[in-house]
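Have a look at the structure below before the remarks.
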Amino acid sequence: MKHKYLPMDWNLIQLGSVLKKVRRPVDIDPDEEYRQIGIRSHGKGIFHKEPVLGRDLGNKSIFWVKPGDFVLNIVFAWEGAVAVVTDAELGMCGSHRFPTFVVNPDKLELDYLLLYFKSQEGIVQLESVSPGGAGRNKTLSQSDFLRLKIPLPPIDEQRRITKVLRDADAHIAHVEAQIEAAQAVKRGVMQRLFTYGLADEETPTKHTRIGEIPAGWEVGQLGQLLHSIEAGRSPQALDRPAEDDEWGVLRVSAVRPEGLQAHENKAVIDPQHINSAYEIHEGDVLISRANTFELVGLVTFVEDTPPRLMLSDKTLRLVVNRNFSDSRFLSYFLQSEPMRQQIIDNATGTSAGMKNISQDSILRLPVACPDLGEQREIAAILSAHDATIRSLQVEAESLREVKRGLMQKLLSGEVRV
């Protein structure tokens, strides 16, 4: 990779001169348990797999990892599957797909290396040494990896750069903790409202198929509250995201309880397949019809009108009969834990693969039916909590964007610290 403007005191260093591969083979005991690591893509770090008895490993070779190792997943390195081993991984191991490296601490700061390979330039470098076919089938060449050249400032500047970016991460983490706290508060408020309504906790309740609800609320089938239910289409989409002025089809992964993730999940449609009858509108209630076990049946209320966005066949639109139900209230109620369990129980398919919930099953779901006035008041309370959460999410994304820009400038030497 060429660097047109490298600071005078920086050097292009071949990784193999500052990074050494280390393998620590495990002498497997068939009666011992072994805990292996995995690495998430996009720089999201290490996760821990369930323990496995030595006898169940078969002929598989595994290797010890140690805190301070730089480790990557050779199959998904091109996608940012890189990490640093910490004390949390003491006594763990990894397969041959997770090679470990140690740095020369006099020349290379470990966290600086991790930051570099999380950056856009670092990802491009990893992809350049990960040959393979189409899709995600790419495997890193470890020898070519060690021949990569990276821009390296003096060690003291490496440490200053990592401190600045760690401070930025700490600020982001603080806002993310606020988001989690706000979401926990909202869940508690939802549980109280759907158990006691707008009254206090002394109000009489009754036990139903969907848990405790106020004694004055009725339980009916979801279909009784709807004007219609409709699936979208799966028009041919081009292999790129849609711009704001282009028609796109909504991917099912965009349907989330926290709101419609439209802009990052909108695939551009071949113009001849556009059908405006399936356009998504503000106020729609959407539910994912087919997805993984964790994501099937998720519900969202469309807060704002997304531009030129079509419903896919894996997503259903619930059109509410406004004489009986409030759209926003219904979307919140369908997100509640008892309803989430009802939806999962009615989904079909293998536990490991895709699950599907039919329109008939959705129409038969039991739902609570307070009067319209109470529905609207409850929806307004929960909407206020959502507004707080969205504001924090915007702040967090803004901080992440600032960090991305700062990282680019610091790792290129454009900004010095």
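The values are calculated or read from the model by the stated rules, or taken from the named source; none is laboratory data. Note that this is a predicted model, so its numbers are computed, not measured. FYI the Cβ positions are ideal-geometry reconstructions off the backbone, even for glycines, and counts take in every protein chain you see.
Summary table
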| read-out | value |
| --- | --- |
| Selected residue [closer than 22 Å to residue 228 by Cβ, among the polar types (S, T, N, Q) and in contact with an Asp or Glu (Cβ under 9 Å, 6 or more places away or on another chain)] from 315, 300 | 300 |
| Of residues in region 267-283 being within 29 Å of residue 322 (Cα to Cα) and not in a loop (DSSP other than H, G, I, E, B), the one modelled with the lowest pLDDT | 276 |
| Test for residue 28: is it modelled with pLDDT of 95 or more, over 16 Å from residue 150 (Cβ atoms) and of a type outside the set (Lys, Arg) | no |
| Criterion (farther than 17 Å from residue 363 by Cα, out of contact with any Asp or Glu (no Cβ under 9 Å at 6 or more places or on another chain), surrounded by 17 or more Cβ atoms within 10 Å (Cβ to Cβ) and not basic (Lys, Arg)) met by exactly one of 287, 269, 280, 343 | 280 |
| Filter result for residue 50 (of a type in the set (Asp, Glu), closer than 19 Å to residue 140 by Cα and in the same structural domain as residue 148 (by TED's automatic domain parsing)) | no |
| When residues of region 324-340 are limited to those that are farther than 16 Å from residue 379 by Cα and not aliphatic (A, V, I, L, M), the one surrounded by the most Cβ atoms within 10 Å (Cβ to Cβ) | 338 |
| Selection count, region 179-217, where residues are in contact (Cβ under 8 Å) with a residue 60 or more places away in the chain and aliphatic (A, V, I, L, M) | 9 |
| Answer from 286, 330, 295, 316 - the residue that is in a helix (DSSP H, G or I), at pLDDT 75 or above and out of contact with any Pro (no Cβ under 8 Å at 6 or more places or on another chain) | 330 |
| Output for region 76-122, where each listed residue is assigned to a loop (DSSP other than H, G, I, E, B) and aromatic (Phe, Trp, Tyr) | 76, 98 |
| Region 392-417, subset closer than 10 Å to residue 175 by Cβ and among the polar types (S, T, N, Q), residue surrounded by the most Cβ atoms within 10 Å (Cβ to Cβ) | 393 |
| Meets criteria (modelled with pLDDT of 95 or more and at positive phi) for residue 58 | no |
| Which listed residue is of a type in the set (Lys, Arg) and closer than 18 Å to residue 22 by Cβ, from 49, 60, 107, 118 | 107 |
| Meets criteria (within 20 Å of residue 247 (Cβ to Cβ), acidic (Asp, Glu) and in contact (Cβ under 8 Å) with a residue 60 or more places away in the chain) for residue 313 | yes |
| Matching entry among 340, 400 (being at pLDDT below 90, within 28 Å of the chain's Cα centre (by Cα) and assigned to a helix (DSSP H, G or I)) | 340 |
| Filtered residues of region 44-69 (kept if assigned to a loop (DSSP other than H, G, I, E, B) and among the β-branched types (Val, Ile, Thr)) | 65 |
| Matching entry among 363, 406, 392 (being over 27 Å from the mean Cα position of the chain (by Cα), in contact (Cβ under 8 Å) with a residue 40 or more places away in the chain and farther than 18 Å from residue 191 by Cα) | 363 |
| Region 302-313, subset under 16 Å from residue 252 (Cβ atoms) and assigned to a loop (DSSP other than H, G, I, E, B), residue modelled with the lowest pLDDT | 306 |
| Some residue of region 360-383 being closer than 30 Å to residue 171 by Cα and aliphatic (A, V, I, L, M) | yes |
